[in-house]
Amino acid sequence: MISKEKIKHIAKLSRIHLTKKDIKKYQNRIEEILGYIKKIKKADTKNSKPFKGVVDSFDLRKDKAYKKEGALTKKLVDQAPEKKDNLIKTKPIFKK
Amino acid sequence: MNIDNLTITKAHKGLKNKDFSCQELIKEFFKKIKKKEPDINSFINLFKDKALKQAEKKDQKSYKYKSFLDGIPFIIKDNILVKGNLCTAGSKMLKDYKASYNASVVEKLKKAGAIILGKGNMDEFACGSSGETSFFGPTKNPLNEKKVPGGSSSGPAAALASHFVLGGLGSDTGGSIREPASFCGVYGLKPSYNRVSRFGLIAMASSLDQIGPMALSIDDLGIILSYIQDKDKKDLTSLKSDPIDLPIEPLKFKQITLGVCKNFPIKNKKQKKIFENTISKLKNKGIKFVELSLDYIKYALEAYYILMPAEISSNLARYDGIKYGFRKESKDLLDIYKKTRSQGFGGEVKTRIMLGSFILSHGYYDKYYTQAQKIRSLIKKEFQKAFSKGIDGLILPTTPGPAFSLKEKTKKPLDMYLSDIYTVPANLAGLPALTMPNGQINDLPLGLQVIGDYFEDEKILKIAKTIKKII
């Protein structure tokens with residue numbers, strides 16, 4: 001059983017606003033799914049290590065800047081819902 | 001010109017021999033789209049003018065067709081970026097988002113001369129097995145419009161079955177190419193993980209996502225794969241791939257040993273009979289069979305529905321209403337995030353994000369996430385062991401039954417998830433897997449799935465070609 005409080009908590013972690021009706025709806029859905037996936041606890045995994053990838057490693061490249069500085073800035077900033085002088089604009093993060 | 005009988009292979013011949021012009025070919029497909037697309041809803045966007053202009057260039061006298069894909073009409077699932085065009089991922093969140101670059105696979109198709117007719121409808125952010133969670137409305141199954149086409153690559157599968165295009169690109173995280181291909185009676189291949197670049201694919205669950213071809217024949221799958229595969233410097237997880245010999249040649253019957261999984265039962269009786277009949281036919285021709293006992297595969301779906309939402313919750317955190325996409329204005333920053341995500345995402349996506357947040361949260365991480373990752377290792381090992389014993393491929397159904405009715409499972413997430421039971425093991429182990437039509441129940445097609453060893457994509461195409469000769 002997953003409580004309403006728990007649903008509110010994970011909605012907050014997920015940055016999703018839920019109405020009272022939503023809370024009930026997602027409580028039902030998530031509870032049903034958890035009821036199913038909890039079966040994995042029956043699997044004997046004591047001799048297994050967590051999966052790391054299909055192949056063990058890749059050749060990584062050096063981290064270097066793309067072409068010349070600012071070449072993509074306008075293209076990327078143009079996608080933002082709110083912008084000012086080639087910068088993405090947001091509401092203040094810290095309260096005064 | 002009857003486009004209903006065309007495949008990529010046949011159309012290429014026709015274009016090369018000048019049996020028809022490229023404009024005639026493309027116009028014929030758009031005629032069909034105009035007539036039937038309103039009932040099917042397989043496209044989110046169509047690029048008619050651009051497509052016809054491309055075709056016109058190929059009709060100049062001196063033009064030489066440079067590849068199998070030159071002049072071939074395609075649909076691209078709408079989570080794969082095509083520069084300068086909208087790319088929505090089937091979501092309100094990205095309904096106005098314009099791609100500023102091409103996905104590497106699109107770059108490769110364009111270089112080969114393929115003509116993209118439009119972007120394919122899909123379940124929102126590839127979250128769904130029926131094509132019904134799209135913000136742009138559900139896609140219908142062209143074989144029976146009361147049925148779902150399968151998902152999440154619903155648009156490409158339905159467009160191929162409607163003969164709107166000759167080739168498609170989909171993406172497969174837990175069956176999203178194979179399930180809709182099976183429901184619509186077409187062919188689909190999920191390549192080995194790392195075989196095809198994911199650069200420019202809108203991420204769902206990165207450790208499972210793979211772009212792959214959808215088509216109307218086995219040869220066409222091979223043709224498309226041969227153009228999109230190989231190492232890409234923009235995706236460091238992509239690996240060098242050997243070229244594929246075309247056309248795909250069948251193998252000698254006696255050379256093939258196939259595995260069947262005995263502890264993975266088929267519950268649908270009619271389907272079981274069809275599957276067993278297929279095995280008898282193949283045995284009669286001399287194909288050898290080995291019964292495999294895979295102990296951990298029975299936990300594959302549970303493990304998948306833990307790992308996939310966990311990755312979704314982190315991959316979809318980027319949609320916050322600030323950098324790009326939909327935004328809902330509100331009083332402060334936190335509230336913008338919450339309202340944007342609440343209104344921009346649909347119910348299934350929100351369910352998975354929250355489920356993922358729960359799984360990854362303090363106190364639950366080891367119980368769910370670590371345990372599922374351990375199971376994933378064991379499933380990979382089980383497959384490795386089976387292939388090391390000399391089997392060439394493993395066969396099983398693609399889905400538990402044919403296409404179901406629209407709205408039948410939308411309110412029951414668990415029933416919907418169970419549609420993926422036969423497809424998720426290949427994603428967890430990173431193996432190549434294809435689906436080909438095999439039999440029908442109530443006039444609706446069933447799919448036969450062939451899973452191969454890692455990077456043996458060409459071999460499973462050859463196995464499929466051999467099976468096709470027999471069934």
In region B:290-329, the residues that are hydroxyl-bearing (Ser, Thr, Tyr), more than 16 Å from B:Ala89 (Cα to Cα) and more than 8 Å from chain A (Cβ to nearest Cβ): B:Ser293, B:Tyr304, B:Ser314
Every residue from region B:369-384 that is among the aliphatic types (A, V, I, L, M) and more than 7 Å from chain A (Cβ to nearest Cβ): B:Ile379
B:Pro400, sole failed condition from (1) more than 16 Å from B:Lys272 (Cα to Cα); (2) surrounded by fewer than 21 Cβ atoms within 10 Å (Cβ to Cβ): (1)
Single residue of B:Asp245, B:Asp232 found to be within 22 Å of B:Phe68 (Cβ to Cβ), in contact with a Gly (Cβ under 9 Å, 6 or more places away or on another chain) and of a type in the set (Asp, Glu): B:Asp245
Complete set of residues in region B:343-356 that are under 17 Å from A:Arg29 (Cβ atoms), buried (at least 19 other Cβ atoms within 10 Å of the Cβ) and not aromatic (Phe, Trp, Tyr): B:Gly346, B:Glu348, B:Val349, B:Lys350, B:Thr351, B:Arg352, B:Ile353, B:Met354, B:Leu355, B:Gly356
Subset of region B:381-412 that is among the hydroxyl-bearing types (Ser, Thr, Tyr) and within 22 Å of the chain's Cα centre (by Cα) - its residue that is nearest to B:Leu143 (Cα to Cα): B:Ser405
Residue selected from region A:71-96 under the condition at pLDDT below 80 and surrounded by fewer than 10 Cβ atoms within 10 Å (Cβ to Cβ), by the criterion farthest from the chain's Cα centre (by Cα): A:Lys96
Residue match in region B:277-284 (condition: within 14 Å of chain A (Cβ to nearest Cβ) and surrounded by fewer than 19 Cβ atoms within 10 Å (Cβ to Cβ)): no
Search result, residues across region B:411-464 that are of a type in the set (D, E, K, R), touching a residue at least 12 places away in the same chain (Cβ under 8 Å) and in a helix (DSSP H, G or I): B:Asp420, B:Asp457, B:Glu458, B:Lys459, B:Lys462
Candidates B:Ile359, B:Ile375 - the one that is over 16 Å from A:Phe51 (Cα atoms) and crowded, with 19+ Cβ neighbours inside 10 Å: B:Ile359
Residues (small (Gly, Ala, Ser), within 14 Å of chain A (Cβ to nearest Cβ) and in contact with a strand residue (DSSP E or B) (Cβ under 9 Å, 6 or more places away or on another chain)) located in region B:207-261: B:Ser238, B:Ser241
Sole exception among (1) touching a Ser or Thr at 6+ places or on another chain (Cβ under 7 Å); (2) facing another protein chain (nearest Cβ under 10 Å); (3) under 30 Å from B:Ile336 (Cβ atoms) for A:Lys49, by number: (3)
Criterion (outside any loop (DSSP other than H, G, I, E, B) and buried (at least 20 other Cβ atoms within 10 Å of the Cβ)) met by exactly one of B:Gly118, B:Gly90: B:Gly118
Flag for A:Lys96 being more than 30 Å from B:Asp96 (Cβ to Cβ), of a type outside the set (A, V, I, L, M) and touching an Asp or Glu at 6+ places or on another chain (Cβ under 9 Å): no
Flag for A:Lys41 being more than 10 Å from chain B (Cβ to nearest Cβ) and modelled with pLDDT of 90 or more: no
Extreme residue, farthest from B:Gly128 (Cα to Cα), among residues of region B:210-237 that are touching a residue at least 60 places away in the same chain (Cβ under 8 Å) and in a loop (DSSP other than H, G, I, E, B): B:Lys234
Cross-chain or 6+ apart pairs with Cβ under 8 Å, region A:69-96 first and more than 8 Å from every other protein chain (Cβ to nearest Cβ), then of a type in the set (A, V, I, L, M) and part of a loop (DSSP other than H, G, I, E, B): A:Lys89/A:Ala80
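The values are calculated or read from the model by the stated rules, or taken from the named source; none is laboratory data. Because the structure is predicted, anything quoted here is derived from the model rather than measured. All Cβ positions, glycine included, derive from the backbone under ideal geometry; neighbour counts span all protein chains shown.
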